[in-house]
Every structure is written in structure tokens, then in C-alpha cells.
Amino acid sequence: MLVLGIETSCDESSAALVRDGKEILSNVVASQIDLHREYGGIVPEIAARAHVEAIMPVLNEALASSDERPQLVAVTVGPGLVGSLVVGVSVAKGLAWSWGIPIVAVNHVEAHAYAAALEGKLPGYPFLALVVSGGHTLLAEVRDVDDMEILGQTMDDALGEAYDKVSKYLELGYPGGPVIDRMAQEGNAAAVKFPRPMIGSGDLNFSYSGLKTAVIRYTMKAGAGVPPMQDVVASFQAAALEVVVRKSLRAALDRGLAEVVLGGGVACNTELRSRLQAACKSEGLRLYCPPGALCTDNAAMVAALGFRLFSAGYRSGMEQDVYPNLRLGDPIPGNGRAG
Ligand code: KG4
Ligand code: ZN
């Protein structure tokens, strides 16, 4: 089955053609990073308008990869920015209506956990998903396509948000994740001992707002005596990642989950990949990390999950709304199960 995926939840306009939930024919992503750079973060109204401009060229390019017409449209309906989500959902409805094909609604965070399927590497159920992005930091037990449970999540800032805000304060560039990833490789991660927030909390939740403040306070206080910036960001990263790796392992072992799937933009991070890989190996767990282009926001992951939901009987319709605060595991209103 040929599925058209559409993703516009944040600052990437994306369309993809994916066969049977795994074979990518096209995965076109138009990033708005340049538009938001001067603000050091995403401006919702600019994002919505940029989606309106970009979505048709992106769709045309994605559809050009096949002579065949898609048999299903899968679209992100939340969580995300309301004005951005509305663009993708409206276009999806228009296409589904004019082609007379079904539409299925997809949760963006859940889609990150299914990106591994595009490499044919999605493990069998149940598995542990770690989704780390600019908007989310969570651990979930995935038992089926429509049965998942959040085991822990951030109480304040997301991990990617902490990277972006630290980078913005230190004037290193936007988005901060890739910049800090590169700089930290040349730094001494033991130079500054930053706090490991909630590492001993006894639960699987996270907090990154205090760590971000600790980095900012430290650099303000140290003034001219601040160590090289590479050391500061390497130390920040070491603190941030130690918690996420420790809690991921604890989640997998507590729940008896032998397989771990990584997803979300921060999953591109070199240090996170290698630390998590080493930690999983030492406990006999298997880690699945999709390539970077499938970790950041893209429509192929939406098509991959949409195909599975459709196969499980889920269908949406022309009344489909958007849900900016949709949580992983929430049933999507309007996405009913046929039969
Ligand atoms: O999944 P994504 O594309 O969008 C959201 O759903 O949020 O993730 C974007 C986030 C940004 O915060 C960005 O700084 C972060 O992922 N990111 C990284 C890296 N590449 C992207 N963080 C750390 N290291 C990276 N290499
Ligand atoms: Zn995302």
C-alpha cells in the first residue's frame, strides 16, 4: 500500500511517499530554521505562514517520486503548534477528498518512536521508546500500535529545548543541539561539575530547566575566568545525558523490555548514541537508532505509523480536528476503528 505522509506540526513542512510502512520513495523536508534563527526559537505565526507557502511545492516534489496515486493519507494532528497543524490537516483532507481515499490521523510523538520501522528495524512488541526532541523528553512502553504508556517525562523543559536555550544564551547559534554536539566533541566533559537533575528521584521523570539555569549562572559568575566554551558545553551535555541514559536503562530493566528504540531530533546526538549504545550493550539490551534524517521531524515516520494504524482498522474523516496538547498514548478523537 502506497501511503502519503504529511507533517507540519512544528517548523518543518514535510511530505513523504512510503510503501507498506517501510520503503521510502520520497521524504521531502522544507526546514524553516533560517526564518526563526534571528529570534533564537520558533515563532508560531511565522511557522504557520511558512507552512502555507511551502506545503504545495513539498507535496509536488514528494508525489513526483511515483506514477502511482497514494491509497492512504496519514497526517500529524498533534501535538504541536495549532496554526502549523491546521495547514497539514487541511491539505490532507483536500487530497483525500479529491482522490477518494481514506485518511488516518497520527500522533507526532508516537511517530518518532516508529521511525526505526523505515529501516526495517522496528523490534517486536513490547519495546521501550525514548523520544527526545525540542518539544518532548519521554520514556514509553510500546505494547502495540494503539497501546502505549508513558513511563516518565520532563517536568519542565525538553532536552532539545535545554540545548537550544543554553546555546542561545551562550550565543553559539540556532538550533543549539547540532552546534553543542560538534563543540562538545572538542571539550573536556569533566571541566565543570553541573547538577544531574532528578537522577536520584526514584522515578523516570526528567527536569532540564534547572540545569539550563545552572549553566547560565555558572558562566555569568565565572566571568572572564570561564573555561573554554567547548568545556562548558561538554560538561552541560555530560550532565544532561547521564540522566537520560541512566533512566532509560532503569526503565528497560524495571519493565523487562529487552529492546530500546530511540527517536526525536536529539537522537541525532553523537554522544547520546554512543553512551546509550554502550549502556544497552552492558545490560544485554538491543538499541535501535534510526539515521539522523529520520530522527528529526519528517513525514516518512508519519506514513510508517499511519500504515500500521490503518492496518489495525483505524480511519479518520473529513471532520478531523487538530490537538496541540495530544499526549502519547491518548486516543485521537475522530480516528475511529472500522468494523
Ligand atoms: O524532533 P525535532 O526535529 O523537532 C521536535 O519535534 O522538537 O527535534 C528538534 C530538536 C532541537 O531542539 C534540536 O536542537 C535538537 O532536536 N537536535 C539535537 C541534535 N540535532 C538536533 N540535539 C542534540 N544534538 C544533536 N546533534
Ligand atoms: Zn518532533
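The values are calculated or read from the model by the stated rules, or taken from the named source; none is laboratory data. If you're wondering where the values come from, they're calculated on a predicted model, not measured in any experiment. Methodologically, a virtual Cβ is constructed for each residue, glycine included, from the backbone with ideal geometry; neighbour enumeration extends over all protein chains shown.
Structure values in brief
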| read-out | value |
| --- | --- |
| Positions within the range 143-171 being in contact with a strand residue (DSSP E or B) (Cβ under 9 Å, 6 or more places away or on another chain) and in a loop (DSSP other than H, G, I, E, B), in sequence order | V145, D146, M155, D156, D157, A158 |
| The lone exception for G177 - which of (1) within 16 Å of ligand 2 (Cβ to nearest atom); (2) out of contact with any Cys (no Cβ under 9 Å at 6 or more places or on another chain); (3) within 20 Å of S274 (Cα to Cα) it fails | (2) |
| Residues being within 16 Å of ligand 1 (Cβ to nearest atom) and surrounded by fewer than 24 Cβ atoms within 10 Å (Cβ to Cβ) - total across the range 11-24 | 1 |
| G88 being under 28 Å from A140 (Cα atoms) and without any contact (Cβ under 8 Å) to a residue 60 or more places away in the chain | no |
| Options G100, G80; residue that is within 29 Å of R327 (Cβ to Cβ) and not assigned by TED's automatic domain parsing to the domain that holds L172 | G80 |
| Qualifying residue in the range 248-270 (condition: surrounded by fewer than 22 Cβ atoms within 10 Å (Cβ to Cβ), within 16 Å of ligand 1 (Cβ to nearest atom) and assigned by TED's automatic domain parsing to the domain that holds S167) | yes |
| Selection count where residues are within 14 Å of G5 (Cα to Cα) and without any contact (Cβ under 8 Å) to a residue 60 or more places away in the chain, scope the range 303-339 | 0 |
| Any hit, the range 307-323, residues being within 12 Å of G263 (Cβ to Cβ), surrounded by 14 or more Cβ atoms within 10 Å (Cβ to Cβ) and in contact with a strand residue (DSSP E or B) (Cβ under 7 Å, 6 or more places away or on another chain) | no |
| Count of residues meeting criterion [of a type in the set (K, R) and either within 16 Å of ligand 2 (Cβ to nearest atom) or over 14 Å from L130 (Cα atoms) (or both)] in the range 219-254 | 1 |
| Given (1) modelled with pLDDT under 95; (2) within 12 Å of ligand 1 (Cβ to nearest atom); (3) small (G, A, S), index of the condition G336 fails | (2) |
| Top-ranked residue of the range 172-210 - restricted to ones that are aromatic (F, W, Y) and assigned to a loop (DSSP other than H, G, I, E, B), ranked as surrounded by the most Cβ atoms within 10 Å (Cβ to Cβ) | Y208 |
| Hits in the range 13-40 - residues which are farther than 20 Å from S65 by Cα, of a type in the set (D, E, K, R) and in contact (Cβ under 8 Å) with a residue 60 or more places away in the chain | R37 |
| Residue in the range 25-44 that is surrounded by the fewest Cβ atoms within 10 Å (Cβ to Cβ), counting only those that are within 16 Å of ligand 2 (Cβ to nearest atom) and of a type in the set (A, V, I, L, M, F, W, C) | I33 |
| Candidate set: the range 91-111, residues that are touching a helix residue (DSSP H, G or I) at 6+ places or on another chain (Cβ under 9 Å) and surrounded by fewer than 22 Cβ atoms within 10 Å (Cβ to Cβ); chosen: the one nearest to A15 (Cα to Cα) | L95 |
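Residue-by-condition table, conditions (1) assigned by TED's automatic domain parsing to the domain that holds A303; (2) of a type in the set (A, V, I, L, M); (3) within 16 Å of ligand 2 (Cβ to nearest atom):
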site	(1), (2), (3)
A111	yes, yes, yes
A140	no, yes, yes
R143	no, no, no
D164	no, no, yes
Y169	no, no, no
R182	no, no, no
